[in-house]
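The values are calculated or read from the model by the stated rules, or taken from the named source; none is laboratory data. Note that the coordinates shown come from a computational prediction; the quantities given were computed from them, not determined experimentally. All Cβ positions, glycine included, derive from the backbone under ideal geometry; neighbour counts span all protein chains shown.
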Amino acid sequence: MSIKTNNVAGRFYPEDRQELFDMIDEFYAKTKNSSNYYSRAIIVPHAGYIFSGELAANGYRYLNPESETIFIFAPSHYARLYGCVSCSYDEFETPLGNCIVNNELAKDFEINNQAFEQEHSIEVQLPLIKYFFKDAKIVPVLYGCTDYKKITEIIKKYQNNNNISFVISSDLSHFYPERDCNKIDRYSAQLIETGDIKNFESELACGAVGICGLVNFANENNYSLIRIGLTNSAAKTGDSSRVVGYGSWFLYKGEKNQYIKEYFSDFVIETCKKSIISGFQLGDLNTKEYPCVFEESGACFVTLEINGHLRGCIGSIIAHKPLIDDLIINAHSAAFRDPRFTPLTQQEFEHTDISVSLLSAPEKIEFDGEEDLLDKIKPFEDGIIIRDGNYQAVYLPIVWEQLPDKREFLNSLKIKAGLPENYFSETLQAFRFKATKIN
């Protein structure tokens with residue numbers, strides 16, 4: 001039997017079994033799966049446990065507990081590699097017990113044991129896997145210069161086997177001052193969460209290939225990457241001069257807004273209520289504890305109704321701030337700053353129904369003339385934005401209930417923008433978006 005001995009125990013994590021177990025146990029106690037949704041794939045950091053262990057442990061709380069085999073995709077820091085390699089070891093040593101290699105799957109890769117000798121990006125994951133998945137086998141995969149689509153292909157190959165899961169091992173920015181680190185990592189998070197990987201470079205994350213491979217899989221198969229957390233080494237050391245960033249995400253089948261509706265509808269409505277109540281009390285609402293997905297950029301409309309009649313509606317078309325902030329600001333504005341209404345009173349608030357529409361990113365509609373535009377609009381599905389110079393207006397998909405005819409819908413939207421209903425020009429632009437309604 002061939003066993004890969006550990007080489008960073010005592011440096012990246014404790015080598016004493018009990019000390020290591022107690023450390024991960026403490027991580028477990030401090031973290032949670034806020035939705036009880038279990039994923040087949042996660043992105044987690046691979047730094048020393050005192051820096052990123054808690055965030056990594058939180059990531060594993062989202063990984064499918066029924067996993068029998070776990071692929072670990074990690075960058076090679078020491079060996080120059082082209083493509084992906086695995087190993088012929090039977091087991092990897094950890095203080096919590098050895099991790100057994102699924103050699104049947106590992107043999108599909110080029111075998112290069114030497115590449116694993118000094119590498120920490122795989123090894124740092126193993127005690128966490130052993131803690132959370134005692135009997136799971138592993139397929140350790142290191143990569144160097146390679147096309148991220150190779151990672152996508154591997155995930156696709158096993159996507160229908162629910163007992164196989166995937167760990168993308170990667171840190172984020174390296175050795176910038178903390179302010180720069182935060183800015184870079186927020187940018188990286190936005191690219192991951194929007195699926196915009198064309199600008200995701202290796203300078204943003206040492207495991208950029210693995211990250212892009214998973215994001216590409218998500219883009220091709222209607223999945224989303226949901227944020228678990230962002231942090232950096234300065235949070236633990238206090239040293240803000242040379243900072244390493246860490247992030248964690250899990251793969252969700254569907255759109256982010258649907259995930260929020262499925263698991264956090266009550267939180268969304270309660271946040272809006274608290275924002276309005278704070279307005280009555282002339283105070284600011286400071287929401288300190290909320291699921292990390294609400295730190296992601298998001299755009300929403302908040303609608304208030306009394307006995308089925310509109311009493312206020314304010315929102316954002318483009319996601320440009322954390323969703324938690326957009327909810328708080330738009331709820332307050334719908335109650336007190338909608339120019340069509342007087343400010344909401346406390347007596348009215350007792351009879352007010354609140355609904356929230358979470359908007360997808362707008363998609364430009366290419367069209368040749370008004371008739372072509374009408375043909376491309378999907379009633380009861382599309383929210384529509386029109387824009388021409390300084391004129392702009394938006395209708396949420398719910399407006400189709402009042403204006404089910406496409407031409408009437410478009411003409412009414414023109415009037416809302418301040419244009420004649422028969423207006424059309426070559427400079428007119430139109431965009432579509434989806435809205436996930438919560439009430």
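Here are the numbers for this structure:
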read-out: Residues satisfying the stated conditions in region 251-264, i.e. surrounded by 15 or more Cβ atoms within 10 Å (Cβ to Cβ) and outside any loop (DSSP other than H, G, I, E, B); value: Leu251, Tyr252, Lys256, Asn257, Gln258, Tyr259, Ile260, Lys261, Tyr263, Phe264
read-out: Yes/no for Leu230 being in a strand (DSSP E or B) and not polar (S, T, N, Q); value: yes
read-out: Residue count, region 390-439 (criterion: of a type in the set (Lys, Arg) and assigned to a helix (DSSP H, G or I)); value: 4
read-out: Test: residue in region 237-250 that is in a helix (DSSP H, G or I) and touching a helix residue (DSSP H, G or I) at 6+ places or on another chain (Cβ under 6 Å); value: no
read-out: Condition met for Ser121 (among the small types (Gly, Ala, Ser), touching a helix residue (DSSP H, G or I) at 6+ places or on another chain (Cβ under 6 Å) and within 18 Å of Val209 (Cβ to Cβ)); value: no
read-out: All positions within region 110-141 that are more than 29 Å from the chain's Cα centre (by Cα) and not in a loop (DSSP other than H, G, I, E, B); value: Glu110, Ile111, Asn113, Gln114, Ala115, Phe116
read-out: Among (1) surrounded by fewer than 16 Cβ atoms within 10 Å (Cβ to Cβ); (2) hydrophobic (A, V, I, L, M, F, W, C); (3) within 35 Å of the chain's Cα centre (by Cα), the one test that Phe424 misses; value: (3)
read-out: Residue match in region 302-310 (condition: among the acidic types (Asp, Glu) and under 20 Å from the mean Cα position of the chain (by Cα)); value: no
read-out: Within region 233-257, considering residues that are touching a Cys at 6+ places or on another chain (Cβ under 8 Å) and in contact (Cβ under 8 Å) with a residue 60 or more places away in the chain, the one nearest to Tyr37 (Cα to Cα); value: Gly245
read-out: Failed item, numbered, when Phe280 is tested on (1) touching an Asp or Glu at 6+ places or on another chain (Cβ under 9 Å); (2) farther than 30 Å from Thr231 by Cα; (3) surrounded by fewer than 18 Cβ atoms within 10 Å (Cβ to Cβ); value: (1)
read-out: Some residue of region 282-296 being under 23 Å from Ile385 (Cβ atoms) and not assigned by TED's automatic domain parsing to the domain that holds Glu401; value: yes
read-out: Region 346-369, residues that are over 26 Å from Ile438 (Cβ atoms), surrounded by fewer than 15 Cβ atoms within 10 Å (Cβ to Cβ) and not small (Gly, Ala, Ser); value: Lys364, Glu366, Asp368
read-out: Residue that is farthest from Phe280 (Cα to Cα) [pool: residues in region 311-322 that are in contact with a helix residue (DSSP H, G or I) (Cβ under 8 Å, 6 or more places away or on another chain) and touching a residue at least 40 places away in the same chain (Cβ under 8 Å)]; value: Ala319
